[in-house]
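Single-structure report; data block below.
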Amino acid sequence: MLYCFFRLPVFARWHSHITAICPAGGFFGTVRTLAEYIAFFIGEVMKSNLIISSSVRSIAQLSRLQGLPLQQKINLSQRRIQQFNIEQRGKVYVSFSGGKDSTVLLHLVRSMYPNTQAVFLDTGVEYPEIVSFVNKVENVITLRPKMAFKKVLETYGFPMVSKEVSQKIYEIQHTNSDKLRNKRLNGDQNGNGKLAEKWKYLISEDIKISHNCCNILKKTPAKKYEKESGNHPYIGDMAAESRLRKTNWLLNGCNSFKTQRPTSRPLSFWNETDIWKYITLNSLEVSDIYKTEARTGCMYCLFGCQFDDTDGARRFDRMKTTHPKHYAAAEKMGIISALNLIRPVPDSQAYFYFAET
Ligand code: SF4
């Protein structure tokens, strides 16, 4: 009750919004208003539950959620989806990459809200199997960046190793601040913020390195779309995938309303096995790329190229046979030469040294 009391100003604001939609009018207007009030109230109660649970969000809680049976995860995700939809008054979209996670997310969201818009960000370096799969899905808007990937490489530099490493190298090479350069080279008084020793050799290599690629190819077009449409995204991230995503869940939970960019990540507590199970249970079609690749994403990205696994350098070895024309284009753009700076010898025994960031 106390919570609802403090939410009264929001309730009042929302009331005036509804009144504007249904001007004082008659019995049917009143019925609709009542129905919307009820939906709003349910949403507020659900949110209060989330706020209570968010105050105790912890790794242990995440592990508990991650250990739930799939059906319970589906139920929980549906609640998060509904809550976000109500809070954003239906101004939502699904960020759809054409990969398996966002395919599951789109299916889940549309099973509740069939007309939800899907938005695909075509960076220009997507696997062709992804693009043709996305083209088969209904009600998808495709966004494209203003600058081509090749131009990003020429203008700013290659995205290499990780966003963090690329940013530090870029700052060392471009900053006018001696203080920042010194921090990136030697760390602050506590030794924090410096470029790891093992990557320092990249500073003097004859190659531009930068972290700007994602901002230009992905973030800027998405922000523009959100600003113009007023829609807020459902994203298919899972906390199990990276430290950053885990931290993000600990800070914001599945639905973040108070941040600059309200976002819903209703699959946060799922894992890859759940995704494949859901796909099988619902007989979902996925992109053909999964016949050869475990993961999707930009074909030429060199983030993670230091790892000798499916995400790393060997992806390019496979590309040579699965997508020879794309491999030739990568060679032409200097991608393979850049890769070889990280992987000087094509033998897993020889580059184990680089397997830790
Ligand atoms: S994932 Fe890699 S290639 Fe794709 S936009 Fe981001 S940095 Fe660029």
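A few notes on this one:
- The one condition in (1) more than 13 Å from the chain's Cα centre (by Cα); (2) more than 16 Å from the ligand (Cβ to nearest atom); (3) in contact (Cβ under 8 Å) with a residue 12 or more places away in the chain; (4) within 30 Å of T175 (Cα to Cα) that D274 fails to fulfil: (4)
- If you go through region 149-160 and keep only what is closer than 21 Å to H326 by Cα and part of a helix (DSSP H, G or I), you end up with F149, K150, K151, V152, L153, E154.
- Among (1) within 16 Å of the ligand (Cβ to nearest atom); (2) under 21 Å from the mean Cα position of the chain (by Cα) - the single one Y170 does not satisfy: (2)
- Single residue of region 304-313 satisfying the filter (within 16 Å of the ligand (Cβ to nearest atom) and in contact (Cβ under 8 Å) with a residue 12 or more places away in the chain) that is surrounded by the most Cβ atoms within 10 Å (Cβ to Cβ): C305
- Test for K146: is it part of a helix (DSSP H, G or I), touching a residue at least 40 places away in the same chain (Cβ under 8 Å) and within 16 Å of the ligand (Cβ to nearest atom): no
- Within region 204-224, the set of residues being away from the ligand (no atom under 16 Å from the Cβ) and modelled with pLDDT of 95 or more is empty.
- Condition met for A239 (of a type in the set (G, A, S) and within 16 Å of the ligand (Cβ to nearest atom)): no
- Per this entry, R79 is not counted among residues that are more than 30 Å from H326 (Cβ to Cβ) and free of Cβ contacts under 8 Å to residues at least 24 places away in the same chain.
- Qualifying position, being within 30 Å of I74 (Cα to Cα), crowded, with 21+ Cβ neighbours inside 10 Å and in contact (Cβ under 8 Å) with a residue 12 or more places away in the chain, among V137, V165, V131, V94: V94
- Any hit, region 115-131, residues being in a loop (DSSP other than H, G, I, E, B) and away from the ligand (no atom under 14 Å from the Cβ): yes
The values are calculated or read from the model by the stated rules, or taken from the named source; none is laboratory data. Being a predicted model, the structure only gives us computed values, none of them experimental. Glycine also receives a Cβ, built like all others from the backbone with ideal geometry; neighbour counts cover every protein chain displayed.
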